[in-house]
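Below: one structure, written as structure tokens.
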Amino acid sequence: MKKWSVMVAAALLAAACSPQNPPATTVAADTGGSSKGDFGPPQGEPVEAVLTSPPHVPPPTNRHAPAKVIVNLEVKEVEREIAEGVKYTFWTFGGTVPGSFIRVRQGDTVEFHLKNHPDNKMPHNIDLHGVTGPGGGAASSFTPPGHQSQFTFKALNQGIYVYHCATAPVGMHVANGMYGLILVEPPEGLSPVDHEYYVMQGDFYTVGKYREKGAQPFDMQKAIDERPTYVLFNGAESSLTGPNALQAKTGERIRLFVGNGGPNLVSSFHVIGEIFDKVQPEGGTHPQENVQTTLIPAGGAAIVEFHTEVPGNYILVDHSIFRAFNKGALAMLAVTGDPRTEIYSGKQVDETYLGDKVASLAPVAAAAEAKSTGTLTKEQQVKAGEVLFKGTCSVCHQESGQGIPSVFPPLAKSDLLKKTPRRAIEIALNGLTGPVTVNGVTYTSVMPPMSQLNDDEVANILTYVLNSWGNDGGVITKEDVQKVRASTKRPEGAAH
Amino acid sequence: MKSTALVLLMGAAVAATAPPAQRAGIPAATFATILPPAPGVATVHVDAFELDRTPVTNAAFAAFVRSTPAWRRDRVARVFADERYLAHWRDASTPAPGAERAPVTQVSWFAAQAYCEAQGARLPTWHEWELVAAAGPDTADARSDPDWLQTILSWYARPASDTLPDVGGAPNYYGVRDVHGLVWEWVLDAQSMMVSGDNREQGDPDALRFCGSGAVTMEQKENYAMLMRIATLSSMRASYTSKSMGFRCAVPRPVPR
């Protein structure tokens with residue numbers, strides 16, 4: 001306690017001593033929590049809560065007075081795919097993982113009916129983190145198969161809350177998918193957005209390895225050891241990818257309710273290519289702005305908001321990144337709309353990077369400049385061609401032009417080159433597949449078309465080749481290359 | 001009905017009507033139980049008894065219902081059995097076709113105990129049942145065997161909606177079949193297992209309360225297979241029925257041979 005006050009004092013002092021810093025923003029008045037969350041008895045007729053399956057979120061309550069809200073939630077044990085060709089028996093609230101999304105307003109009186117389907121094998125119950133009262137409703141909702149229980153609570157605290165099953169063994173019930181989110185809107189509601197989506201992470205433990213086909217039972221030992229086979233958003237590998245991706249357009253405001261059911265792992269939630277304009281960390285009231293990655297504890301949730309500018313696919317991950325690429329923690333937001341190249345250009349340059357192999361591409365630039373002014377000399381072509389050759393051709397044909405015996409043919413003193421320089425242009429433009437005989441040796445390697453080179457560059461490279469390593473000399477011009485390019489059929493995929 | 005059960009429990013002479021082959025003899029044993037009788041006591045003693053080798057079948061229960069029509073689903077008093085009691089049968093005294101050899105389920109504790117009484121027996125106590133359930137194929141106590149545990153948990157992982165197979169799975173160490181992997185089973189003292197509906201209160205010594213015998217704690221928290229049995233039993237009232245809850249009968253002392 002004493003240490004704290006010293007630290008606070010030091011912080012204040014530091015702030016006071018740096019006049020260039022504006023005074024700290026005054027902290028928003030607190031909400032008063034549960035002590036100010038009771039707005040009196042429910043008014044009007046009871047309303048039945050709209051429940052939605054993930055990734056959908058019920059519409060805003062649009063209520064301005066406390067109501068009595070009836071929630072009917074059914075527990076179902078269902079077998080379905082956790083990954084392609086892999087079956088798993090999930091225990092669910094409402095038939096989905098995560099369970100149905102529940103939306104109420106602060107001050108509402110919630111009459112909760114938990115129904116355990118007669119086909120189920122297990123007793124179940126529910127602990128809602130948004131409940132004020134022992135067990136969060138767990139003991140009051142303990143229900144065997146073929147029965148239902150009822151309890152009532154007043155939602156005193158606003159926020160986004162996890163609910164889950166708390167029946168023995170709790171870990172197994174949660175690991176099998178028994179969790180979901182309940183939103184308690186602040187009295188004034190949430191700000192309007194274009195899309196609200198419901199995403200919840202969970203870790204899963206199967207006897208078989210990741211993506212091992214067939215029906216996979218739950219592995220208790222892996223769960224105790226906290227070694228998940230799968231880490232997933234919304235209970236299956238494909239639940240939010242491909243045709244199931246979340247959808248939005250550019251210029252829209254997106255709100256994600258992101259929960260983490262666990263049972264074991266905490267999530268480092270991140271959307272690749274987006275920055276969260278606003279996060280309510282751990283579902284609290286006061287937002288943080290401009291956040292890259294937000295921590296979502298097991299048994300916790302956050303509200304994240306961002307605005308879409310650039311079209312494309314945005315990947316939601318747990319940035320504990322092996323989980324994303326090796327255990328399934330990937331989801332997708334597909335954003336459509338016109339490109340916004342002033343914000344993000346897409347790929348503008350794709351070219352060879354030479355490292356320190358060649359100090360400068362200056363000769364290439366000089367040759368290009370000379371060509372455009374009509375003053376290009378053979379020497380300039382040779383210099384530019386040397387640079388380009390070293391960046392493109394020497395990997396196979398070697399800097400010495402000797403090639404590699406019986407693998408890549410030589411260019412130095414090549415009889416093929418000597419006979420028909422035009423053939424060299426064809427090969428550079430279109431590549432060469434199949435046997436070719438050079439200086440009496442037959443080569444069968446494949447040379448891809450040099451589609452990335454323009455006519456100038458091909459001309460310069462070949463002029464360099466003709467004037468190096470004891471070859472006979474000569475000049476290939478841009479126009480020569482143009483003629484060949486125009487007159488030969490290029491293979492599929494060869495650009496230009 | 002209930003008073004008859006009590007008389008039997010209090011040790012009145014029992015006529016052993018069942019042929020010996022139907023029941024397996026279980027020797028007296030002292031073993032580590034998941035539900036100790038008192039704080040600080042890890043083991044419990046179970047006297048010798050005999051236990052049905054298989055759960056009671058639909059056919060056997062149908063014979064009982066025909067001879068004791070008060071237990072027909074259309075005549076039973078609601079306080080003894082809920083609305084789903086035998087609701088899956090073809091009619092009030094006939095099981096679904098093909099299910100004659102399958103274990104009877106959707107029976108209440110009252111109905112199960114009445115059936116056993118009619119056989120001169122009673123439901124096994126939790127500790128009797130637990131002793132037999134601890135056995136593997138070749139050992140009396142397989143509870144530390146991970147394969148034993150996984151087999152049980154795999155059954156828990158399968159939904160209950162499938163048609164139940166016939167009784168007669170592989171025998172365990174005692175020659176008792178289908179203890180795991182077929183149905184939950186009623187026990188005599190199911191209603192005294194007052195496990196809190198909120199499993200996380202286990203650390204609280206009051207969490208598990210036995211009527212009249214004080215507070216005890218739950219042992220072997222890692223034994224999830226047994227914990228789930230207890231959770232299930234404790235969620236059921238004596239009039240409740242479920243698609244997965246069947247039973248078998250026990251005689252509290254060995255039948256002389």
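Here are the numbers:
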item: For A:Val47, distant residues with modelled amide H under 5 Å away; result: A:Lys68, A:Val69, A:Ile70
item: The stretch A:221-275: GluC sites (Glu not before Pro) in DSSP coil with no more than 14 other Cβ atoms inside 10 Å; result: A:Glu226
item: Loop-located trypsin sites (Lys or Arg not before Pro) in the stretch A:217-266 whose Cβ has at most 14 other Cβ within 10 Å (DSSP); result: none
item: Share of pairwise Cα separations in the stretch B:25-252, more than 29 Å, in percent; result: 25
item: Within 10 Å of each Cβ in A:374-380, the average number of Cβ atoms from other chains; result: 0
item: Carbon + sulfur, % of accessible area of chain A - ligands and nucleic acids excluded, 1.4 Å; result: 55
item: Solvent-accessible area, 1.4 Å probe, carbon plus sulfur percent, for the stretch B:25-252; result: 53
item: Protein accessible surface hidden between A and B, which excludes ligands and nucleic acids, total in Å², probe 1.4 Å; result: 2700
item: Residues of the stretch A:286-357: accessible area per residue with a 1.4 Å probe, Å²; result: 60
item: Highest to lowest packing among B:54-63, A:453-462, scored as the average C-beta count within 10 Å; result: A:453-462, B:54-63
item: The stretch A:47-204 - convex hull of alpha carbons, volume per residue in Å³; result: 103
item: Long pairs among A:Lys76/A:Lys213; A:Lys121/B:Lys243; A:Lys68/A:Lys154; A:Lys87/A:Lys115; A:Lys87/A:Lys213; A:Lys378/A:Lys478, criterion Cα-Cα beyond 18 Å; result: A:Lys76/A:Lys213; A:Lys87/A:Lys115
item: Calculated [θ] (222 nm, deg cm²/dmol) that DSSP helices of n ≥ 4 give over chain A, each run adding -39,500 (n - 2.57); result: -6000 deg cm²/dmol
item: Set of aspartates and glutamates near A:Lys419 by C-alpha distance (under 17 Å), chain-local residues within fewer than 8 positions excluded; result: A:Asp472, A:Asp480
item: Residues along the stretch A:114-162 losing 50 Å² or more of accessible surface when the other protein chains are present rather than the chain by itself (probe 1.4 Å); result: A:Pro118, A:Asp119, A:Lys121, A:Met122, A:Phe142, A:Pro144, A:His147
item: Cα gyration tensor category, rounded, prolate or oblate, for the stretch A:279-333 with a/c compared to 1.5; result: oblate
item: Two-decimal Rg to Rh for chain A - Kirkwood Rh, Cα set; result: 1.19
item: Contact order relative to length of the stretch B:25-252, as percent, for alpha carbon pairs under 8 angstrom and 6 or more apart; result: 31
item: Sequence-separation-based contact order of chain A, relative, with Cα cut under 8 Å and 6+ spacing, percent; result: 9
item: Stokes-Einstein D in µm²/s, Kirkwood radius over Cα pairs - the stretch A:316-435 at 4 °C with 1.567 mPa s viscosity; result: 68
item: Directionally averaged projected area (convex hull, Cα atoms, the stretch B:108-161), nm²; result: 5.4
item: Antiparallel DSSP beta bridges within the protein assembly as shown, percent to nearest 5; result: 75
item: 10 Å Cβ neighbours from other chains, averaged over peptide A:220-229; result: 2
item: Restricting the stretch A:53-153 to GluC sites (Glu not before Pro) in coil, as DSSP defines it, with at most 16 other Cβ within 10 Å; result: A:Glu84
item: Contour excess over end-to-end distance, with Cα ends at A:Ser487 and A:Gln292 and 0.36 nm allotted per residue; result: 64.9 nm
item: Positive-pole candidate from A:Gly401, A:Met172, A:Gln482, dipole of chain A, charges at beta carbon; result: A:Gly401
item: Amide H contacts under 5 Å for A:Gly95, placed H, 5+ residues apart; result: A:Lys76
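The values are calculated or read from the model by the stated rules, or taken from the named source; none is laboratory data. Treat the numbers as computed from the prediction; the structure is a model and nothing was measured. Glycine also receives a Cβ, built like all others from the backbone with ideal geometry; neighbour counts cover every protein chain displayed. Ligands, DNA and RNA are stripped out before the accessible areas are found, and what is left, the full protein with its side chains, is counted by its heavy atoms. Shrake-Rupley method; radii C 1.70, N 1.55, O 1.52, S 1.80 Å.
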